[in-house]
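To start, the structure under review is shown below, and the notes come after it.
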Amino acid sequence: MNDTKLLEVRNLKKYFTLRKFGRKSFVRAVDGVSFHIDRGEILGILGESGCGKSTLGLVLSRIEKETEGDIIFKNKKISGSLKLDKQTRRDIQIILQNPYDSFDPRLTIQDSLIVPLKIHGIGENTSDRREIILDYLHKAGFEPPSAFLKRYPHELSGGQLQRISVLRAMMLKPSFLIADECVSMLDLSVRASVINLLLDLTSMENTSMMFITHDISLGKFLSDRLAVIYLGKIVELGNAKEVSENPLHPYTKILISYSPSVFEKKEKIKPKEILSTTHQNIQRGCSFAPRCPFAKKECFEREPELFEVEKRHWVACLNYKK
Amino acid sequence: MNPILEIMNLTVRYKIKNKEIHAVEDISLLVNKEEFVGIVGESGSGKSTMAHAIVRLLPPNAYIKNGRVNLLGYDLINMSDEEVMKVRWKDFSIVFQKSMSALSPVHRIDDQMMEAIKLHNPQISQQEIESRLDKLLQMVNLPKRVLKSYPHELSGGMMQRVMIALALVNFPKFVIFDEATTALDVVTQGQIIEEVRQLVKELSLTGMVITHDIGVVNELCDKIAVMYAGKLVEYGPKSDIIHNPYHPYTKALISSLPDFIKERGEFAGIPGNLPDLSQLPKGCIFAPRCPLADEKCFEQVPSLLRNDDRQVACFKVKEVKT
């Protein structure tokens, strides 16, 4: 493994067990994904709700344990157990969608921010740590920063609080940051402040980021590479611009042709079935086949593997020949 | 062309404790026959309040300060609740965002739809109702079994289709879509937009689409009205508003659309926050956040200026145009 790789994921699976009338069934939230992230790279994860993109984030941040597969972080295997050494814990941070849910409502901003610093031994004492927090608040455009220390989460707007959750993660100088739909509940006019802060801080520390989103246009200009997920599997992976402007997998094509845009549209590519299949009743073959307008007989029998169709552009579809 | 909807100087306020929230301030708007108008604004801009005021469904703590609403010849503001109930859902209806809470969880879909038909057509025969329900389901691409289902048995996209069918149950002439596709997946949303566009043609509907997604408005509407902090700041044909906005707020909003962003550094947004709607500032409501504001903007309120088919409320329009 060379040194530019920060994280490598091999055949990662996460199944949730369901019991209905004593019968066991599985929700295959993440179903055998493999990819890597380079140092300083931003990988966009694109998918609709329920495709398993958030579960992937939770498994990589070691909040959920995987069912199968390997996660290699900085040349060290971190899968197998949720127990991690402190340095690795510090090295992997996550930002969630709703900041009002990810802050303790009874703690002031200062109290919330000081805990991670204390745990990881950053700063000598409380006043030292407060200086660090003030410095970061200043960087994030909170003026005057001291006015925000004693505030509670509900006293801040969604955009402000989300900026603070970016700070909370980035204060620890992690080398891998997972941002799970971190601007999707924010208004258009305040999204920029969160995204710009995120980009500033991650590029300063050369932090790699996994940006989970359902918004194609956002994923396109933010990410270096883009992975499209459908029912727990990566169906397309490649350079962000390449994937969004020249999609190869039928699902990506449909997704892009259906996303509302301010530009005039070309002809829409229609899925065959209106309703999507769920994780439980996936049959043999390609999981997208029942909805795919280009599906052949073969697609219902054999599961396609991800392979390089064009240079550095991987697709899992039987319509493309090796 | 005769207007279907005529709003004149509509002002709606909420009473919360001792405060008066200026949710909708002095809005005037015309919607012509077979026209679809998109109301665009961020959260807190008063767009939903305005829609609910039009169909007389405001919560008890809201009241209409003044103004007139003339919809299909009905003087809605001065009608009694009983009179409104006779025509609401028959001549005009609304599709809500939260279909889960808008539908009764303990009644089957067909019972809920039948009630809405019977209420306004007491003489109708069972056969006629059934054929009408069949037709409606076909229009929104739902299988027949949906009729005998309860809401919890349906997916989000199916439920939203049920809501649309329910709004069209008496073939109204005017329909408001209040964030009707916001919570849905991209592909589902795209399909519903297509279906609605088809229905608009078939039933020669007039309507209003309330959303924060300019892409959705572009796909569905003819005109766009931009609201900011309870005020109408700009109104005109959609392509003019999107590709050649006049008002500084519209300009900033459009330029923070990821669609228009090519590079990571270009993401601008709008600095500052919404003003406190219980204490409106003197002068233009957008002045504190406006890059062009001068003394006059902080002193006087700009009125809506008309220029051909476009309207804009800004003293700086000449400068904005160039």
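Ranked by the mean number of other Cβ atoms within 10 Å of their residues, highest first, the peptides B:272-280, B:254-262 fall in the order B:254-262, B:272-280. Pairs from the list B:Lys98/B:Lys282; A:Lys20/A:Lys233; B:Lys47/B:Lys238; A:Lys220/A:Lys272; B:Lys47/B:Lys135 with a Cα-Cα gap above 29 Å: B:Lys98/B:Lys282; B:Lys47/B:Lys135. Taking 0.36 nm per residue of sequence separation and removing the Cα-Cα distance, the A:Ser157/A:Ser34 pair yields an extension gain of 40.5 nm. Take every Cα pair under 8 Å whose residues are at least 6 apart in sequence, average their separation, divide by the length of the range A:1-68, and the relative contact order is 36 percent. Counting Cβ atoms of other protein chains within 10 Å of each Cβ in B:110-121 and taking the mean gives 0. Take each peptide in A:205-215, A:237-247, count the other Cβ atoms within 10 Å of every residue, and average; sorted highest first, the result is A:205-215, A:237-247.
Electrostatic bookkeeping for A:Gln110 treats Lys and Arg as +1 and Asp and Glu as -1; over the other residues with beta carbon under 11 Å from its beta carbon, the sum is +3. Label-to-label distance, A:Glu143 versus B:Glu263, with points set 7 angstrom from Cα along the beta-carbon direction: 2.5 nm. Between B:Val226, B:Val187, B:Val301, the residue with the greatest mean-square fluctuation in the GNM of chain B (Cα pairs under 10 Å linked by springs) is B:Val187.
What does the charge add up to near A:Asp200, with Lys and Arg as +1, Asp and Glu as -1, over the other residues with Cβ less than 13 Å from its Cβ? Local net charge: +2. When each of the peptides A:226-234, A:7-15, A:115-123 is scored by how many other beta carbons lie within 10 Å of its residues on average, the order from highest to lowest is A:226-234, A:7-15, A:115-123.
Among the listed pairs B:Lys231/B:Lys262; A:Lys5/A:Lys76; B:Lys118/B:Lys173; A:Lys86/A:Lys118; B:Lys231/B:Lys316; A:Lys14/A:Lys77, which have their C-alpha atoms separated by more than 20 angstrom in this model? Distance filter (> 20 Å) returns B:Lys231/B:Lys262. Per-residue shielding of B:179-189, expressed as the average number of other chain Cβ atoms within 10 Å of the residue Cβ, stands at 4. For the range B:130-185, the relative contact order comes to 39 percent (Cα pairs under 8 Å, sequence separation of at least 6). Estimated from helices alone, the mean residue ellipticity of the protein assembly as shown at 222 nm is -9000 deg cm²/dmol (sum of -39500 (n - 2.57) over DSSP H runs with n ≥ 4, per residue). Rounded, prolate or oblate, given the Cα gyration tensor of the range A:63-128, with a/c below 1.5 counting as rounded? Oblate shape, in that a/c is at least 1.5 and b/c is the bigger or equal ratio.
The mean count of C-beta atoms from other chains within 10 Å of the C-beta of residues in A:192-200, rounded to a whole number, is 4.
A short reminder: the numbers here are calculations on the coordinates, not readings from a lab. A quick note: this is a predicted structure, and the numbers were derived from the prediction, not measured. No Cβ is skipped: glycine too gets one built from the backbone with ideal geometry, and neighbour counts run over all protein chains shown.
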